[in-house]
Amino acid sequence: MCGKRSPFAQERLKDVVQPSALGNRDVMSLELPTALRDLAERQSGVISRRQALSSGLGKDLIAARLDQGRWQRIHTGIYAIYSGSVDRNSALWAAVLRSGPGAVLSHHTAAELDRLADKQSTLVHVTIPTSRRVMPIQGVVMHTRVDAERVTHPSRLPPRVRLEETVFDLADTCDDPVDAIAWVATAVGRRLTTQQRLNVTLSRRARLRWRDDLGRILSPDLSGVHSALEYRYVRDVERPHALPKGNRQAISVSRTRRAYRDVLYEGFGVVVELDGRVAHPGDGRWMDIARDNAAAATGLITLRYGFIDLMRGPCLVAAQVSDVLRIRGWQQAPRRCSPNCPVDMIS
């Protein structure tokens, strides 16, 4: 691979070609044993004291490398065998190694690694078997599970909980069902997993917050719902007001591109687009306008709603959608979702 060498790779070269700071010993004697070198490469340049000792390195040699700054201590008994700043992967490996046997990354940290979350977690989340106890580690949040070994992904590194388990771990921490739904919708919408796999995992969870809501979004009739906002539209607008069932994530092909419509009422030529962003960054607004204009050219009417619309006025949204649907030939009337629902008065 071409390009700049990593700090770990540079340190390995120094071990081979630089004179020893311990005297006139043979330079090659300071190389890491092959097995330990391979292990360090696998662990992003991080090893534990126990691993170093078991490979044949002496305590004095370990201490000397730390004193010289050629190695650095990340946690007690956990070392980066290179100088300079510690990168993210090394920090994650250090947390796992410090947490001991059976430890794996989980929750927000596993979500970060598996592209379920867009932001790097501030704290490192680690899960260990309930049979073990670990002293507090700075910057690390410790979780325990009886079945920690079963839920660990068999091959991904750094070791972590399976994606489907991470989805429900995070959903379980949410204070609102829509936030919980968002984790499921994101995992499916980004094609990181499938509804089938999530349903299998859900069936194995004996205790789970928001189980009913999570089960609903994973039901066959909600396939295609790819965001929490889409779920809120189904839950608060479409179903309680007896609107026709829309086609979720419908594919629309124009002369220049393929697009996905959040909700398409196909028989009536009506599209509902749902935007969870607070504001359109950059040219996002103009991209939406261009897409709406392209839809209009094919006979589609586009209605666009944001998070505030669905939070504050789902009944008003239902009234407007039903008005447009009836203009386009829908023969039925919307249903009031409660005695105070304004749908009948507006429609």
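The values are calculated or read from the model by the stated rules, or taken from the named source; none is laboratory data. The model shown is predicted, which means the values in this text are computed figures rather than measured ones. Don't worry about glycine lacking a Cβ; one is built from the backbone with ideal geometry, like all the others, and counts go over all protein chains shown.
Any residue that is basic (K, R) and modelled with pLDDT of 90 or more - is there at least one of those in segment 209-230? Spell out the reasoning first.
So in segment 209-230, the residues basic (K, R) come out as 209, 211, 216.
Applying the additional criterion that residues be modelled with pLDDT of 90 or more yields 209, 211.
Yes, some residue in segment 209-230 is basic (K, R) and modelled with pLDDT of 90 or more.
Against the list (1) more than 14 Å from the chain's Cα centre (by Cα); (2) surrounded by 19 or more Cβ atoms within 10 Å (Cβ to Cβ); (3) among the charged types (D, E, K, R), the condition R160 fails is (1). All conditions but one from (1) without any contact (Cβ under 8 Å) to a residue 60 or more places away in the chain; (2) in contact with a helix residue (DSSP H, G or I) (Cβ under 8 Å, 6 or more places away or on another chain); (3) acidic (D, E) apply to E112; the one that does not is (2).
Looking only at residues that are modelled with pLDDT of 90 or more and of a type in the set (V, I, T) in segment 168-185, which one is nearest to L214 (Cα to Cα)?
Let us first name the residues in segment 168-185 that are modelled with pLDDT of 90 or more, namely 168-175, 180, 183-184.
Filter once more, keeping what is of a type in the set (V, I, T): 173, 184.
Working: T173: 13, V184: 8 Å.
In this case the residue turns out to be V184.
Those helices (runs of 4 or more DSSP H) of segment 164-242 in which 2 or more residues are outside the structural domain of Y305 (by TED's automatic domain parsing) and within 21 Å of V263 (Cβ to Cβ) occupy 177-189, 211-217. For A171, indicate whether it is more than 24 Å from P129 (Cβ to Cβ), under 17 Å from the mean Cα position of the chain (by Cα) and in contact (Cβ under 8 Å) with a residue 24 or more places away in the chain. Criteria not met by A171. Scanning segment 188-221 for residues that are closer than 19 Å to V146 by Cβ, surrounded by 11 or more Cβ atoms within 10 Å (Cβ to Cβ) and polar (S, T, N, Q) turns up just one, T201.
Restricting attention to segment 328-347, report how many residues are outside any loop (DSSP other than H, G, I, E, B) and surrounded by fewer than 17 Cβ atoms within 10 Å (Cβ to Cβ).
From segment 328-347, those outside any loop (DSSP other than H, G, I, E, B) are 343-346; that's our starting set.
Applying the additional criterion that residues be surrounded by fewer than 17 Cβ atoms within 10 Å (Cβ to Cβ) yields 344-346.
Selection size over segment 328-347: 3.
Within the group R239, R205, which residue is among the charged types (D, E, K, R) and more than 20 Å from A318 (Cα to Cα)? Walk me through how you get there before you give the answer.
On the way: R239 fails: more than 20 Å from A318 (Cα to Cα).
Of the residues listed, the single one that is among the charged types (D, E, K, R) and more than 20 Å from A318 (Cα to Cα) is R205.
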